[in-house]
Amino acid sequence: DAKGSGRGAVKFFVEDMALAVRRRRQLGAALRDALGHGQLTLAYQPIVDIRTRRVTAVEALLRWRHPKFGAVSPSEFIPIAEETGSIVEIGAFVLNRACRDATNWPAHVRVAVNLSALQFERGDLEATVRRALAESGLPAERLELEITETILIGNHAEVMAKLNRLTALGAQIALDDFGTGYSSLSYLNDFTFNKVKVDQSFVRDMKTVGGSKAASIIRAVNAIGADLNMTVVAEGVESAEQLQALSALGVDGAQGYYFSAPAPAEEIGVLLLKELAETRTPLAPERQRT
Ligand code: C2E
Ligand code: MG
Ligand code: MG
Ligand code: MG
């Protein structure tokens, strides 16, 4: 009967909750050792200029493989690392590693690193960024820092001051997952971002150039980007149709499985060198003579 199944549903719900809480606690504890045990690595995903089809940047994305839990998704472990505070140390590791890896790649390619709100609140983010640049030798102009609107919600003035100092170092600042937050437009008014990344949910819903709400929103973001001198990049591009539609809308850049899934540094390095060789072919000495 209805009452019985209702009680059953509540029982399963409570059991699921308990399991979820236990997993969260276990992952939180395991995360504290993850760095030291070498379980955290970075994968890199290209960001492509839609007009030239050349890679302009690669985004560093954390990967965690635990002996017992296996591969844990960042969308699960990043929030936990933020809650436990581990993200400050992990974030510094990501900055160091990403800057170092990027020094092996062609000089026109930037590396993008995601930052969490806690990295702005605790520790000295500017010093951490400075150190990562100094120790790797990567020019600051080749580092792009991706932040989301959640960073801007808290201590607004202080965060703005910190962002301005990072900009003064020469780093680029990108607003990530744009369109999914709360007061996106006021943030655009308060700070001059170099880049805006349109959240993948809009790209997913964009079936054709005309006739979809998502396309209208992307068109509007693109117009703002052009006016405010920000590069606009679409995330989650999976098909030629989506790329064609974004191209027709005049969007600058695209990132997604259509071009490449996130891959280990060495693989991305090979891809970038191959691309560089191809684009340089017309200038090769034997061709120049003719
Ligand atoms: P994000 O910064 O928005 O990164 C883009 C996410 O979209 C990545 O998920 C990427 O693998 C995924 N993606 C790329 N192309 C496609 C596509 O064509 N289709 C679909 N459906 N997805 C695509 P990932 O690697 O699972 O990371 C999830 C989120 O975790 C990131 O979202 C970012 O917010 C966070 N994250 C990852 N690495 C770091 C990190 O080092 N530090 C911090 N603070 N956060 C990180
Ligand atoms: Mg990102
Ligand atoms: Mg994003
Ligand atoms: Mg995201």
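The values are calculated or read from the model by the stated rules, or taken from the named source; none is laboratory data. Predicted model, so just to flag it, every value in this text is computed and none were measured. Glycine gets a Cβ as well: all are built from the backbone with ideal geometry, and neighbour counts include every protein chain shown. Only protein heavy atoms, including side chains, enter the accessible area calculation; ligands, DNA and RNA are left aside. Shrake-Rupley method; radii C 1.70, N 1.55, O 1.52, S 1.80 Å.
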Counting only residues in segment 74-102 that are open to solvent by less than 60 Å² (accessible area, probe 1.4 Å) and within 24 Å of V48 (Cα to Cα), the one nearest to ligand 2 (Cβ to nearest atom) is identified as P74
I'd like to know if segment 182-203 contains one or more residues that are open to solvent by 30 Å² or more (accessible area, probe 1.4 Å), within 16 Å of ligand 4 (Cβ to nearest atom) and of a type in the set (V, I, T). no
Of those in segment 62-73 that are open to solvent by 40 Å² or more (accessible area, probe 1.4 Å) and under 16 Å from the mean Cα position of the chain (by Cα), the residue nearest to ligand 4 (Cβ to nearest atom) is S73
Among the residues of segment 152-163, are any of a type in the set (A, V, I, L, M, F, W, C), within 16 Å of ligand 2 (Cβ to nearest atom) and under 16 Å from the mean Cα position of the chain (by Cα)? no
From the option list L169, L175, single residue qualifying as surrounded by 23 or more Cβ atoms within 10 Å (Cβ to Cβ), at pLDDT 90 or above and either more than 16 Å from ligand 3 (Cβ to nearest atom) or on the phi < 0 side of the Ramachandran plot (or both) is L175
Filtering segment 150-186 down to residues that are out of contact with any helix residue (DSSP H, G or I) (no Cβ under 9 Å at 6 or more places or on another chain) and within 15 Å of ligand 1 (Cβ to nearest atom) yields A174
Among (1) of a type in the set (S, T, N, Q); (2) surrounded by fewer than 14 Cβ atoms within 10 Å (Cβ to Cβ); (3) farther than 21 Å from P46 by Cβ, S212 falls short only on (2)
| said: Tell me yes or no: at least one residue of segment 225-245 is modelled with pLDDT of 95 or more, within 16 Å of ligand 3 (Cβ to nearest atom), surrounded by fewer than 13 Cβ atoms within 10 Å (Cβ to Cβ) and assigned to a loop (DSSP other than H, G, I, E, B). | reply: no
>> Considering only segment 110-127, I want to know if a residue exists there that is modelled with pLDDT under 95 and within 16 Å of ligand 3 (Cβ to nearest atom).
In response: yes
Only unsatisfied item for L152, checking (1) open to solvent by less than 10 Å² (accessible area, probe 1.4 Å); (2) at pLDDT 95 or above; (3) among the aliphatic types (A, V, I, L, M), is (2)
Of those in segment 128-149 that are aliphatic (A, V, I, L, M) and within 12 Å of ligand 1 (Cβ to nearest atom), the residue modelled with the highest pLDDT is L145
| query | Would it be correct to say that L138 is more than 16 Å from ligand 3 (Cβ to nearest atom), open to solvent by less than 50 Å² (accessible area, probe 1.4 Å), free of Cβ contacts under 8 Å to residues at least 40 places away in the same chain and not in a helix (DSSP H, G or I)? | reply | yes
Within segment 103-114, residues being more than 16 Å from ligand 4 (Cβ to nearest atom) and either open to solvent by less than 50 Å² (accessible area, probe 1.4 Å) or under 15 Å from the mean Cα position of the chain (by Cα) (or both) number 5
